[in-house]
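For reference, the structure is listed below as structure tokens.
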Amino acid sequence: MTHAAPVRRRPAVAAAVVLLAASTTLANRVLPGWAYPLCGLVAALLLVLLARWAGCTWRDLGLRGFRRPALVGLAGAGLVAVLFGIALAVPALRTVYQDGRVGDPDFGQLLWLTCGRILFGTVLIEEVAFRGVLPALFGADDDHWRWRPILLAATLFGLWHALPALAIGRNAAVHAVFGSTPAVVLQVLAMAAAGAVGIVLHWWRHVGRGVLASVIVHFTTNAGGLTLVVLVR
């Protein structure tokens, strides 16, 4: 692995954090809904350019290679599908699919939500940032599992979910378990859970030797979950 140049690594990390903070604020509080995926796409591109400026190679960023990441990602997608099937088959678990944040989208709106907002506004930016750019800047290595850069990136991934976590209580399963929990505590728990998910997603990226693997798993989880929420109603 060719690590980012030490002289440029720290300012690159600082700039990446500022860019991500601005991106999530714009996407969740300022921009109209149609601009959400555009914001994620632009932020992802800027992060890659920033990492390249800092000396990261395409391999460091997990953006080199296709076959292995795709196969590993598809294997992960299959596992996610099995887990979804189990949740559907067990009546006690179906509350997972009762989510007040979703509304009642028609087919066109569902296509926009999954292939527009989720793919470009959520999955692309998050995987490029938290499984590609930040781990590379922190010193991650595809050949060896290094906890420090992975945990640092996962921690920032949890913080990235601070605003989305405000609405987590609208999920029926979450409300059933944590209904009396103060909103701030629930938000912190949701951010911690997101950080743990970040470690799992990095494992897929690590095994697949590329961000495409975690992109496929992440997209299958989010888009598949949303689709099931709509269909199960």
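FYI, it's all coordinate maths here, none of it is from the lab. Just so it is clear, the structure is predicted and the values come from calculations on it, not from any experiment. Positions of Cβ are generated from backbone atoms using ideal geometry, with glycine treated the same way; all protein chains shown enter the neighbour counts.
For Rg/Rh (Cα atoms, Kirkwood Rh), the listed values are (i) 0.97; (ii) 0.92; (iii) 1.00; which was obtained by calculation from the structure presented? This structure yields the entry labelled (i). Given their separation in residues at 0.36 nm each and the Cα-Cα distance between them, TRP112 and ALA22 gain 30.0 nm when the chain is fully extended. Once both axes come from the Cα atoms, what is the angle between helix 36-53 and the longest principal axis of the chain, in degrees from 0 to 90, rounded to 10? The angle comes out at about 20 degrees. Put a plus charge on the Cβ of each Lys and Arg, a minus charge on the Cβ of each Asp and Glu, and nothing anywhere else: the dipole of region 6-232 about its Cα centre is then about 580 debye.
For the pair region 145-167 and region 25-65, the centres of their Cα atoms are 16 angstrom apart. In percent, rounded to a whole number, the relative contact order of region 6-232 is 34, using alpha-carbon pairs under 8 Å and six or more apart.
First check a/c for region 18-94, with a ≥ b ≥ c the square roots of the eigenvalues of its C-alpha gyration tensor; if it is under 1.5, answer rounded, and if not, answer prolate when a/b is larger than b/c or oblate otherwise. Because a/c hits 1.5 or more and a/b fails to exceed b/c, region 18-94 counts as oblate. Within the listed set GLY198, GLY62, GLY33, the residue fluctuating most in the Gaussian network model of the chain (springs between alpha-carbon atoms under 10 angstrom) is GLY33. Taking amide hydrogens as placed 1.01 Å from N in the peptide plane, the amide H of ASP141 sits under 5 Å from those of ARG146, each at least 5 positions away in sequence or on another chain. Just add up the charged neighbours of ALA15: K/R +1, D/E -1, any other residue whose Cβ is under 15 Å from the Cβ of ALA15. Counting the neighbours of ALA15, the net charge comes to +4. On C-alpha positions alone, give me the angle between the axis of helix 6-25 and the longest principal axis of the chain, in degrees, nearest 10. Helix 6-25 sits at roughly 20 degrees to that axis. Using just its DSSP H runs of length 4 or more, each adding -39500 (n - 2.57), the chain gives a mean residue ellipticity at 222 nm of -20000 deg cm²/dmol after division by all residues. Most tightly packed first, judged by the mean number of other beta-carbon atoms within 10 Å of their residues, the peptides 105-111, 137-143, 82-88 read 137-143, 82-88, 105-111.
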